[in-house]
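The values are calculated or read from the model by the stated rules, or taken from the named source; none is laboratory data. This one's a predicted model, so the numbers in the text were calculated from it and none came from an experiment. Neighbour counts are summed over all protein chains in view; Cβ atoms, including those assigned to glycine, are modelled from backbone coordinates with ideal geometry. Quick note on the areas: whole protein, heavy atoms, side chains included, nothing else; ligands and nucleic acids left out. Shrake-Rupley method; radii C 1.70, N 1.55, O 1.52, S 1.80 Å.
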Amino acid sequence: MLRPIEVHKVAIESVSDASGMAKLIDDGVFAADDVLAVIGKTEGNGGVNDYTRILADRAFRDVLVARGSRTEAEVKRVPLVWSGGTDGVLSPHATIFAYAPTGRYEFSDDPRVSVGVAMSEPILPEDIGRPAMVETVAAGVREAMKVAGIDDPADVHYVQTKTPLLTMDTIADARRRGHDVWTEDTLKSMDVSNSTTALGIAVALGEISMPAAEQIHRDLSLYSAVASCSSGVELDRAQIVVVGNARGVGGRFQVGHSVMRDALDADGVWEAIRSAGLDLPERPHPSDLGGRLVNVFLKCEADPTGRVRDRRNIMLDDSDVHWHRQIKSCVGGVAASVTGDPAVFVSVAAVHQGPSGGGPVIAIVDHGA
């Protein structure tokens, strides 16, 4: 039987700070054993060697072990998805998804957030960027949908994943076993892992048919409108969090989505908030949110044409600052100007996640008791 969900955002005040989640547990907002997933931004460089993700992961898992009854091994299976890099005004934070305490909410026919989590089968280094990974991710998404009690893909508004990327060690492992890899550029493999995962999400939700090998990371007409994919060195399979709406579950929270058509598309952010059931005026202002927006989750990508609204930019030509950091900072500023809060989840490497040069936007709204 489905249970109502609590969704709360907390600040991360230092690189290994999990006190915000600890306080919510101590205050009885949810129990440590009922935490389903955490999705957050950490303050590192966002690259292959961004160890702030590992530090945050350890800090939050330590809280779950200390304040709950789950073993360390059981807590390790809880998806904690960390996206490194808070460039510009972006602020480190975490959004926590947990079952609400029994009896807090009545069941309701209103569409309310339901969450399903799953871990895929292991993803081998030689499968990153190839159809085998698409199929593995798609199977994991379908499993997470079942856990969430969601049958109709149209009710899925957000799929957050974390998948492995390539390192020199895993590249060497593939070679020892007689396999090659899609790329030997470990930073490039972050983009490729994300894009392959997004296609797996799109296949699972019926947004596209199964792509051919040559379309992966190349055919930019293929994308998922609800995928937000991150990758890192800290795991060897896909962590999958499916967030959608279900009737009959009850609770306060509703999720919706839209897409940004380009890096300046603030209207796409507002449309996602409206999709989550919040009535807004025709020309909204952050003050119209009334504290009801929990968070927005965005993916972004430097437009491969090198232009935004027909104006040239040099992100893809800049040898001093990688375009990952530049576009993240840009889109983070646009999103924060809408929400009035710089603690927004903005992640880069968005190939196959939303339209090329733009990206998906997911919003979660608190509709109150």
With in contact with a strand residue (DSSP E or B) (Cβ under 7 Å, 6 or more places away or on another chain) and farther than 24 Å from CYS300 by Cβ as the only criterion, which of GLY149, GLY206, GLY178 stands out?
GLY149
Counting just the residues of region 249-261 that are in a loop (DSSP other than H, G, I, E, B) and open to solvent by 30 Å² or more (accessible area, probe 1.4 Å), which one comes out nearest to THR305 (Cα to Cα)?
ARG261
Looking only at region 325-356, filter to residues that are out of contact with any strand residue (DSSP E or B) (no Cβ under 7 Å at 6 or more places or on another chain) and assigned to a loop (DSSP other than H, G, I, E, B); which one of those is modelled with the lowest pLDDT?
ALA349
CYS300: passes all of (1) out of contact with any Cys (no Cβ under 9 Å at 6 or more places or on another chain); (2) at pLDDT 95 or above; (3) open to solvent by less than 10 Å² (accessible area, probe 1.4 Å) but (1)
Within region 292-310, restricting attention to residues that are among the charged types (D, E, K, R) and not in a loop (DSSP other than H, G, I, E, B), which residue is nearest to SER91 (Cα to Cα)?
LYS299
Can you tell me which residues in region 170-198 are among the small types (Gly, Ala, Ser) and assigned to a helix (DSSP H, G or I)?
ALA172, ALA174, SER189, SER193, SER195, ALA198
Cβ pairs under 9 Å, 6+ apart, first in region 16-27 and in contact (Cβ under 8 Å) with a residue 40 or more places away in the chain, second of a type in the set (Ser, Thr, Tyr) and assigned to a helix (DSSP H, G or I):
SER16/THR52
With the checklist (1) under 28 Å from THR197 (Cα atoms); (2) free of Cβ contacts under 8 Å to residues at least 12 places away in the same chain in hand, flag the one item VAL334 doesn't pass.
(2)
Go over the candidates SER14, SER69 one by one and state the one that is in a loop (DSSP other than H, G, I, E, B), touching a helix residue (DSSP H, G or I) at 6+ places or on another chain (Cβ under 7 Å) and open to solvent by 30 Å² or more (accessible area, probe 1.4 Å).
SER69
Given the condition surrounded by 24 or more Cβ atoms within 10 Å (Cβ to Cβ) and within 28 Å of ALA335 (Cα to Cα), answer yes or no: does some residue in region 216-223 qualify?
yes
Condition (residue is within 18 Å of ALA132 (Cα to Cα) and either out of contact with any Ser or Thr (no Cβ under 9 Å at 6 or more places or on another chain) or free of Cβ contacts under 8 Å to residues at least 24 places away in the same chain (or both)) applied to region 225-248: is it met by at least one residue?
no
Out of SER120, SER91, which single residue is under 17 Å from the mean Cα position of the chain (by Cα) and open to solvent by 10 Å² or more (accessible area, probe 1.4 Å)?
SER91
Restricting to region 262-280, name every residue that is open to solvent by less than 80 Å² (accessible area, probe 1.4 Å), closer than 27 Å to GLU6 by Cα and in a loop (DSSP other than H, G, I, E, B).
ALA276, GLY277, LEU278, LEU280
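Residue-by-condition table, conditions (1) over 13 Å from the mean Cα position of the chain (by Cα); (2) farther than 11 Å from ASP262 by Cβ; (3) open to solvent by 50 Å² or more (accessible area, probe 1.4 Å):
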residue: PRO304; (1), (2), (3): yes, yes, yes
residue: ARG309; (1), (2), (3): yes, no, yes
residue: ARG312; (1), (2), (3): yes, yes, yes
residue: ASP320; (1), (2), (3): yes, yes, yes
residue: VAL334; (1), (2), (3): yes, no, no
residue: PRO342; (1), (2), (3): yes, yes, yes
residue: ALA349; (1), (2), (3): no, yes, no
residue: GLY357; (1), (2), (3): yes, no, no
residue: ILE362; (1), (2), (3): no, yes, no
Could you go through region 31-43 and let me know if any residue there is out of contact with any Lys or Arg (no Cβ under 7 Å at 6 or more places or on another chain), surrounded by fewer than 21 Cβ atoms within 10 Å (Cβ to Cβ) and β-branched (Val, Ile, Thr).
no
